[in-house]
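Structure first, then comments.
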Amino acid sequence: MPLRSTVLRRRVRIRLRGIVQGVGFRPFVHNLAKELKLGGYVLNSSAGLVAEVEGDTDAVERFIRAVTEQPPPLAWVQESECSEMDVLGEESFAIHPSEAVTGEFALISPDIATCADCRSDVADPSNRRFGYPFTNCTNCGPRYTIILDIPYDRPKTTMAGFTMCAACRAEYQDPRNRRFHAQPNACPQCGPSLLASDPLPQARRRLAAGEILAIKGLGGFHLACDARNRDAVGRLRERKRRSDKPFALMARDLAAIEEVCEVSDADRAALAGPSSPIVILPRKAGAALPEAIAPGNRTIGIMLPYTPLHHLLFAGAPYALLVMTSGNLSEEPIVVSNREAQQRLAGVADWFLPHNRDIFMRVDDSVVRTFEGTERVMRRSRGYAPLTMDLGRAVPELLACGGELKNAFCLTKGRHAILSQHIGDLENYETLVFFEETLANLKKLFRVEPRAVAYDLHPLYLSSKYALEIPSLPKVGVQHHHAHIASCMAENGLNGQAIGVAFDGSGYGSDGAVWGGEFLVAGYAGFERRAHFRYVPLAGGDTAVREPWRSALGYLVDLGGAGAFACQALANVPEERVRVVRRMIEKGVNTVRTSSCGRLFDAVASIVGLRQAVTFEGQAAIELEMAAQDGVAERYPFGIDGDGPWELDFRPMMERLVSDTAGGVTAGAVSARFHNTLVEAIAETCRRIRGETGLDRVCLSGGTFQNMRLLSTVTPALRTAGFEVVLHAKVPPNDGGIALGQAAIAAELLK
């Protein structure tokens, strides 16, 4: 901050970086300067925002404090620079045209949910935007999904083809108007429109009649139907080939959500915030909803309307809840163009509600849940991307390609880590194309030219193959679970080392085995594996992930004894299949060793009879969590063996668990005891590592820590034991966050 000048008149230049474009910063600066009777100008540049002001010394000081400490609500000032200039005697203040600066970049705002003022405009019969589905202002509306390039001006968005009418132009040019320089500004006379006859009344009628609609939204198409119509929900699940994976819902308002879900204050804040994500909430026991919305699940993913079109779909309609799921076929990217929708969704939707505003970047809905009063992202996309994270220091320009499932990649520029929106599972050509188009776009927007590329060590991941095929760039291979812990550290601004507990389904280990139940001592420069789950055999590769009984069989073989095989898991599987897989394990055919926590969950879910086959990743683990009975304090025995790294031996637990199940103990009680055992195993292992290293900071990462039963019990247990517990919030704990860890590790190794 500059020192107070002794002269009566002063001129300064302020440069701001961060989220300072598309959030009403220029009109804020203009109006503030007018109020303080300052001359000068303000403009957007490729580097952010630049303003020069001149006038009374006290007024200039007040101006500096206001723009840096009290910016507009949606702005984020990451860096500010103030320099003294020669006094020019300028009395008037103006907004100058944007400037493109070669090689510079400005941060891009994510898409923002419709603000209260715009909702009022749309609902007011006397307003010229009454019932207009594309109403927006400086405080809300599309951003990332329509931006072609920076600086953020209308010609560089997909609104370029819509010429503003005189009334909209007057708003756009008036610094006192909340639509001043709102680049998507439009009205029914000059803006985008829905491409259907009598579109909104017809859409409401069709939804109320039980039809499935393909509706073009902000970042892509949704498939929608009445959430209380059992037949419609069943047809949507069948047509979309979605099996049992939960559907997301959209509710008319908060009251409609509270009818079916338990909602905390933190949940309300997340639901109504500017990002408007899907929030995972506990389902009320008496909620009258079809089981097909979320089979076997006691939670519901639900969101509020976040565009004027969504609000209008509910206006006067007989329904208060809609299924609002991504417009795609199972495991493909969300559809964005009208033509693509007609081609890809013709067999799913009964009717289409498209519009003529192009979507430049496809962006799915984000998913969060709250824990300890904090919003924690599970899927980072609309409303969050492409917000950057501060790495604390300038690093080389890097590309980190992420993992295979729930892929997101990361670019770095200066101090910024730029994590992409959720890409999806990189298991097909369509998703790889989405990865490539998003990468090209973010490289252009942020002016990034990577000098090295980081990748997961798994040789068969498409993301790793993509990285290794990039010519002429240094390659940095990063172990999967090291990336998980580094991601948690980087998000929380940690340096040095920490105890890292990385639990997930699988990750390629440095010894060639499949890891997933790992205790590391880690920093960005490297890691040491201090403990892990005892290896068990897993037969069948990817088939084993889809058939939890194979994980159960691996644990039972490891347990030994003829009695171990007389359990519910194997009784429900054809005897010949069990015999074949057991021979595979004994002979080591298509069998790997694994320390995976995810496969341990699968094995327990299978043994207690919950599930022998899954239709989506993590299904058995979710159902085991859902089954856990409250009020159970008992746990099972386990061992910690070896000289280093230690092995967590769960054979004593499995022996008791099989016996309990055979003896009629309920799945709920067994699940609760199992979760309690994991909590004690984590706490005891961390205590032992602290005893050897002196470290008392524990980072929890990996998809297993999406399990709220586990997270909500292990966190206080570790704190009671004297540990500082570090959790994810802005970045998913699952594989959607590992690209950040890869980038942080590569930056350190290349330093």
Among the candidates 36, 32, 74, 49, which residue alone is in contact with a Lys or Arg (Cβ under 8 Å, 6 or more places away or on another chain) and either under 28 Å from residue 415 (Cβ atoms) or open to solvent by 60 Å² or more (accessible area, probe 1.4 Å) (or both)?
49
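Just checking, does region 638-649 include any residue being of a type in the set (Asp, Glu), surrounded by 22 or more Cβ atoms within 10 Å (Cβ to Cβ) and touching a Ser or Thr at 6+ places or on another chain (Cβ under 9 Å)?
no
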Among 149, 117, 153, 111, the single one that is farther than 19 Å from residue 171 by Cβ and open to solvent by 10 Å² or more (accessible area, probe 1.4 Å) is 149
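Just checking, does region 499-509 include any residue being without any contact (Cβ under 8 Å) to a residue 12 or more places away in the chain, closer than 23 Å to residue 428 by Cα, open to solvent by 60 Å² or more (accessible area, probe 1.4 Å) and of a type outside the set (Gly, Ala, Ser)? Quick ask: steps written out before the conclusion?
Filtering region 499-509 for residues without any contact (Cβ under 8 Å) to a residue 12 or more places away in the chain gives none.
No, region 499-509 contains no residue that is without any contact (Cβ under 8 Å) to a residue 12 or more places away in the chain, closer than 23 Å to residue 428 by Cα, open to solvent by 60 Å² or more (accessible area, probe 1.4 Å) and of a type outside the set (Gly, Ala, Ser).
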Those residues of region 287-319 which are hydrophobic (A, V, I, L, M, F, W, C), open to solvent by less than 30 Å² (accessible area, probe 1.4 Å) and within 24 Å of residue 130 (Cβ to Cβ) amount to 304, 309, 312, 313, 314, 317
Hey, can you tell me all the residues within region 511-550 that are under 21 Å from residue 650 (Cα atoms), of a type in the set (A, V, I, L, M, F, W, C) and open to solvent by 30 Å² or more (accessible area, probe 1.4 Å)?
514, 545
Out of everything in region 127-163 that is touching a residue at least 12 places away in the same chain (Cβ under 8 Å) and of a type in the set (D, E, K, R), what residue ends up being farthest from residue 200 (Cα to Cα)?
149
Does any residue in region 730-751 that is open to solvent by 20 Å² or more (accessible area, probe 1.4 Å) come within less than 6 Å, Cβ to Cβ, of a residue that is part of a helix (DSSP H, G or I) six or more places away or on a different chain, and which pairs are these?
730/491
Conditions (1) surrounded by 22 or more Cβ atoms within 10 Å (Cβ to Cβ); (2) within 30 Å of the chain's Cα centre (by Cα): number failed by residue 191
(2)
Under 6 Å between Cβ atoms, which residue pairs at least 6 apart in sequence (or on different chains) link something in region 49-70 that is over 27 Å from residue 108 (Cβ atoms) with a partner that is of a type in the set (Asp, Glu)?
54/90
Within the group 691, 639, 702, 663, which residue is without any contact (Cβ under 8 Å) to a residue 24 or more places away in the chain and in contact with a Pro (Cβ under 8 Å, 6 or more places away or on another chain)?
639
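Among the residues of region 223-233, is there at least one that is closer than 23 Å to residue 352 by Cα, among the charged types (D, E, K, R), in contact with a helix residue (DSSP H, G or I) (Cβ under 6 Å, 6 or more places away or on another chain) and at pLDDT 95 or above? Don't jump to the end; show me each part of the working.
Looking only at region 223-233, we keep the residues that are closer than 23 Å to residue 352 by Cα, and these are 223-233.
Imposing the further condition that a residue be among the charged types (D, E, K, R) reduces the set to 226, 228, 230-231.
Subset that is in contact with a helix residue (DSSP H, G or I) (Cβ under 6 Å, 6 or more places away or on another chain): 226.
Remaining after also requiring at pLDDT 95 or above: 226.
The answer is yes, given that some residue of region 223-233 is closer than 23 Å to residue 352 by Cα, among the charged types (D, E, K, R), in contact with a helix residue (DSSP H, G or I) (Cβ under 6 Å, 6 or more places away or on another chain) and at pLDDT 95 or above.
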Which listed residue, of 276, 243, 197, is open to solvent by 50 Å² or more (accessible area, probe 1.4 Å), at positive phi and either at pLDDT 95 or above or not in a strand (DSSP E or B) (or both)
243
Suppose we keep only residues that are charged (D, E, K, R) and out of contact with any strand residue (DSSP E or B) (no Cβ under 7 Å at 6 or more places or on another chain) within region 454-474. Which one would you say is surrounded by the fewest Cβ atoms within 10 Å (Cβ to Cβ)?
469
Among (1) open to solvent by 10 Å² or more (accessible area, probe 1.4 Å); (2) at pLDDT below 95; (3) farther than 26 Å from residue 407 by Cβ, there is one condition residue 553 misses while meeting the rest; what is its number?
(1)
Enumeration of residues in region 93-140 that are of a type in the set (D, E, K, R) and modelled with pLDDT of 95 or more
111, 117, 119, 121, 124, 128, 129
Mind listing whichever residues of region 527-550 are under 20 Å from residue 615 (Cα atoms), modelled with pLDDT of 90 or more and in a loop (DSSP other than H, G, I, E, B)?
540, 547
Would you kindly identify the strands (runs of 3 or more DSSP E) lying entirely within region 13-119 that contain at least 2 residues that are under 30 Å from residue 146 (Cα atoms) and small (Gly, Ala, Ser)?
48-56
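Could you count how many residues in region 203-231 are open to solvent by 30 Å² or more (accessible area, probe 1.4 Å) and assigned to a helix (DSSP H, G or I)?
So the first thing to find is which residues in region 203-231 are open to solvent by 30 Å² or more (accessible area, probe 1.4 Å), and the list is 204-206, 208-209, 211, 228-231.
Next, from what is left, pick out any that are assigned to a helix (DSSP H, G or I): 204-206, 208, 230-231.
Looking only at that region, the number is 6.
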Restricting attention to region 606-625, which residues are under 27 Å from the mean Cα position of the chain (by Cα), in a helix (DSSP H, G or I) and either farther than 16 Å from residue 246 by Cα or of a type in the set (Gly, Ala, Ser) (or both)?
620, 621
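The values are calculated or read from the model by the stated rules, or taken from the named source; none is laboratory data. None of the values given here were measured: they were computed from a predicted structure. Glycine gets a Cβ as well: all are built from the backbone with ideal geometry, and neighbour counts include every protein chain shown. Ligands, DNA and RNA are excluded from the accessible area calculation, which covers all protein heavy atoms including side chains. Shrake-Rupley method; radii C 1.70, N 1.55, O 1.52, S 1.80 Å.
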